[in-house]
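In what follows, a single structure is set out as structure tokens and then discussed.
The values are calculated or read from the model by the stated rules, or taken from the named source; none is laboratory data. The structure presented is a predicted model; accordingly, all values stated were derived computationally and were not measured. Here the Cβ positions follow ideal geometry from the backbone for every residue, glycine too, while neighbour counts run over all protein chains shown.
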Amino acid sequence: MQDFPDVDAYIEASGQWQDEITVLRPLLLASGLDECIKWGKPCYALGDVNVVLIQEFADRLALMFFKGILLEDPAGLLEEQGPNSHAARRMTFGSVDDVERCAEVVTGYVSAAIAVEMAGTALPPRPEQDLADELQQRLAGDPELAAAFDDLTPGRQREYNLHVSGAKQVATRERRVASIVSRILDGKGLRDR
């Protein structure tokens with residue numbers, strides 16, 4: 001991930017979506033949000049709370065609302081980030097015309113996202129996810145491992161479960177469980193160093 005000193009440098013380095021970002025940026029700045037670079041992308045925050053993030057993809061530009069699940073979407077433009085994402089929603093654009101056509105909607109949704117943050121609205125709880133059978137069996141047979149797993153944050157538990165359950169074959173799921181045991185016992189997440 002490339003780091004940029006500011007959004008101007010980011011836009012200058014952007015190849016495919018430079019014009020679209022240039023049109024989108026003033027809409028975000030007009031909202032009064034603070035502009036910065038986070039995760040190598042333009043991010044707009046209310047104090048220290050992230051509200052929206054610009055994301056570039058090969059086939060589209062996206063404006064991701066961190067708490068998009070809490071926003072009303074009368075225009076029907078907010079999409080889920082993916083099957084493993086809970087709260088974020090994004091609005092996508094394929095051209096400068098798309099950004100210009102949606103300018104009022106963007107402004108309204110950004111205002112609504114700011115209102116959600118100012119009200120201190122909490123996210124709804126993430127739906128419970130069943131543990132992969134192979135992980136569940138290993139935890140049931142090893143009390144020390146089960147205790148270590150219970151001590152992990154919910155996000156780390158979920159990440160391990162997604163890693164295991166993402167395999168199609170039983171043998172692969174079993175190998176994945178075996179490969180994560182020591183990390184769980186060390187209290188580490190799947191991607192922790």
### Message
Which of the numbered conditions does Gly155 fail, given that it passes all the others? Conditions: (1) within 28 Å of Ala88 (Cβ to Cβ); (2) surrounded by 12 or more Cβ atoms within 10 Å (Cβ to Cβ).
### Response
(2)
### Task
Could you please let me know if Leu53 is among the aliphatic types (A, V, I, L, M) and buried (at least 17 other Cβ atoms within 10 Å of the Cβ)?
yes
### Query
Pairs, please: C-beta under 9 Å, at least 6 apart or cross-chain, first residue outside the structural domain of Ile69 (by TED's automatic domain parsing) and of a type in the set (Phe, Trp, Tyr) and in region 126-148, second surrounded by 14 or more Cβ atoms within 10 Å (Cβ to Cβ) and at pLDDT 90 or above?
none
### Message
When you scan region 31-44, do you find a residue that is touching a residue at least 60 places away in the same chain (Cβ under 8 Å), of a type in the set (Gly, Ala, Ser) and not in a strand (DSSP E or B), even just one?
### Response
yes
### Message
So, in region 140-149, exactly how many residues are assigned to a helix (DSSP H, G or I) and either out of contact with any helix residue (DSSP H, G or I) (no Cβ under 8 Å at 6 or more places or on another chain) or more than 15 Å from Asp186 (Cα to Cα) (or both)?
### Response
3
### Task
Those residues that are touching a Ser or Thr at 6+ places or on another chain (Cβ under 8 Å) and either polar (S, T, N, Q) or part of a helix (DSSP H, G or I) (or both), I need them from region 99-138; list them, please.
Thr107, Val110, Ser111, Ile114, Leu135
### Query
Just one of Ala122, Ala115, Ala88 is loosely packed, with under 11 Cβ neighbours inside 10 Å, on the phi < 0 side of the Ramachandran plot and without any contact (Cβ under 8 Å) to a residue 40 or more places away in the chain; which is it?
Ala122
